[in-house]
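Before any comments, here is the structure.
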Number of protein chains: 2
Amino acid sequence: MSPTQARSTTTRARILSAAQAQFAKDGYERATIRAVASLAGTDPALVIRYYGSKEGLFAAATHFDLCLPSLDHVAHADIGETLVRHFLALWEGNPADPSLRILLRAAVTHAEAATRIRGLFAEQVLPAIRVVAPDRPALRAGLVASQILGLALCRYILEVPPLVDMKPDDVIACIAPTLQRYLAAPLDGGFTANA
Amino acid sequence: MSPTQARSTTTRARILSAAQAQFAKDGYERATIRAVASLAGTDPALVIRYYGSKEGLFAAATHFDLCLPSLDHVAHADIGETLVRHFLALWEGNPADPSLRILLRAAVTHAEAATRIRGLFAEQVLPAIRVVAPDRPALRAGLVASQILGLALCRYILEVPPLVDMKPDDVIACIAPTLQRYLAAPLDGGFTANA
DNA sequence: GGCTTAAGTCAACGCATGTTGACTTTTGCG
DNA sequence: CGCAAAAGTCAACATGCGTTGACTTAAGCC
């Protein structure tokens, strides 16, 4: 790669990084191309040249992977805890991946972002859960998603007081048994009778 | 009330109703005063005259009450189910109250809406839960909120496939035991050791 | 009936946005 | 060096927004 190509690559990366920061902070509609360019130390026109449009920039800023661990070699009793721990690390890791924050902030008003989240669910969460919960995996994965996303919403977006201040290990201790039940509860009896 | 006052009251109500519909559908930033006025069959200027600004219109469109039932006369074992059932009715009732949908859609990017949700939590959810779970009520209420909001997010906003298609009674059967555990689980042992 | 006040309408302003095209600067290569 | 292509910059456009003020219409009251 020639030096001049390297420079453009660097600029593109700076723009993408700035875009992720702005989308994560302000959501899709409040984030502006001008603010992204300013944060990246460049020009709005360059942002458009490299990413085509605001939509294209958003798509590029949210291409990522949940990196779910394979659950089939985890002790059955530890699957719930493994899942919460993984998602907490995703949100709070150093550096934290901003993509989930971006996606969650945007998905509420942006149809394509919502589709993307459903895609993550169908292509990454559901398959991982299918291998450890072969009966009604979609239902179980959906319940897991509702608790995980609800936790993320309250802790990282809405900042509901008791949840935002908890230590990660305490969050794990509270949430893990819920996921464990969603994954392992028998279908007859106390779970869901019909359907 | 004179007929002319009655007319203005009707118009104000039509505007408010249209605003709720638009905010619920599009979120705060995508909803426009012009669209609200058009849906209400009136003029944008009138919207501003009656509600001062877009912020004022939003504030008026989200003044509401969770109408939580008093839990102190519910059998202990039924509190979880009572709560889910109540929130499901709030979202799906006929007519469904659009306020929660509006608030959830907006809170993700609108600071004041997020504050409003925290206010609902502190002033309505927390007190109701305090009377049935006197030890660490804030923690328990926070966990309940995370599951309820996560369910609402997945079922009504993101429309994650397995959750959006479930019958209300099945949702209740799945979620109620989770809330029950959050409210009634002993603090030592499997819940959260320290903190 | 005519005057006062409120209800409703219209056109316009100022502003911020995404996006475009022409321009200038820098780089790589013969 | 000198040219071609790429990287980067600038000013401007068109559009849609919230909001404003002047205007017109209708209603209530003496």
At 25 °C and 0.890 mPa s, the Stokes-Einstein diffusion coefficient in µm²/s for chain B, with hydrodynamic radius from the Kirkwood sum on alpha carbon pairs, is 133
At B:Pro69, with labels set 7 Å past Cα in the Cβ direction, how many nm apart are the copies from this one, shortest first?
4.2
Can you tell me how the protein assembly as shown classifies by the Cα gyration tensor, rounded, prolate or oblate, using a/c under 1.5 as the rounded cut?
oblate
Tell me, what is the FRET efficiency for A:Glu112 and B:His73 to the nearest 0.05, using R0 = 35 angstrom and their Cβ-Cβ distance as r?
0.15
Partner shielding of B:106-116, taken as the mean number of other chain Cβ atoms within 10 Å, equals 3
Give me the inter-chain shielding for B:163-173: mean count of other chain Cβ atoms within 10 Å, whole number please.
4
14 Å beta-carbon shell around A:Cys67, net charge (K/R +1, D/E -1)
-2
What number comes out for the charge environment of B:Ala35, summing +1 per Lys or Arg and -1 per Asp or Glu over other residues with Cβ under 11 Å away?
+2
For B:Ala89 and B:Ser53 in one chain, what is 0.36 nm times their gap in residues minus the Cα-Cα distance, to one decimal in nm?
9.8 nm
Specify the residue with the greatest mean-square fluctuation among A:Pro98, A:Pro162, A:Pro127, computed from a Gaussian network of chain A linking alpha-carbon atoms under 10 Å apart.
A:Pro162
Give me the three principal axis extents of the stretch A:3-61 from the C-alpha atoms, as integers in angstrom, largest value leading.
35, 18, 16
Would you please name the GluC sites (Glu not before Pro) within the stretch B:100-180 that are DSSP coil residues with at most 16 other C-beta atoms within 10 Å of their C-beta?
B:Glu159
For B:Pro134, what charge total do you get from the other residues with a beta carbon under 12 Å from its beta carbon, if Lys and Arg give +1 and Asp and Glu give -1?
+1
One finds, for A:Ser38 and B:Leu39 with R0 = 51 angstrom and r their Cβ-Cβ distance, a FRET efficiency to the nearest 0.05 of 0.90
Nearest beta-carbon to the A/B symmetry axis - residue in chain A, distance in Å
A:Gly150, 1
Could you tell me which of A:Phe64, A:Cys154, A:Ser38 has its Cα farthest along the dipole of chain A towards the positive end, charges placed at Cβ (Lys, Arg +1; Asp, Glu -1), taken about the Cα centre?
A:Ser38
Within the stretch A:1-64: Cβ-based charge dipole about Cα centre, in debye rounded to nearest 20 (Lys, Arg +1; Asp, Glu -1)
140
Point-to-point label distance, A:Ala60-B:Glu159, nm (Cα→Cβ direction, 7 Å offset):
3.0
Rounded to whole angstrom, the alpha-carbon centroid of the stretch B:63-82 lies from that of the stretch A:27-88 at a distance of 38
Shortest first, in nm, what separates the label point of A:Tyr50 from those of the same position in the other copies (7 Å along Cα→Cβ)?
4.8
Fewest first, what order do A:Ser146, A:Ser17, B:Ser70 take by the number of other Cβ atoms within 10 Å?
B:Ser70, A:Ser17, A:Ser146
Shielding of A:138-145 by partner chains, average beta-carbon count, 10 Å:
6
Using the Kirkwood formula on alpha carbons, the hydrodynamic radius of the stretch B:71-184 in angstrom works out to 14.6
If the label for A:Glu112 sits 7 angstrom from Cα along the Cα-to-Cβ line, what are its distances to the same label in every other copy, in nm to one decimal, shortest first?
3.1
Taking a crude spin-label model, label points 7 Å out from Cα along the C-beta direction, the A:Glu123 to B:Thr10 distance in nm is 5.3
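Any read-out appearing in this document is the output of simple, stated calculations on the displayed coordinates, not a laboratory observation. All values derive from a computational prediction rather than experimental measurement. Here the Cβ is made from the backbone with ideal geometry for all residues, glycine too, and neighbour counts use every protein chain on show.
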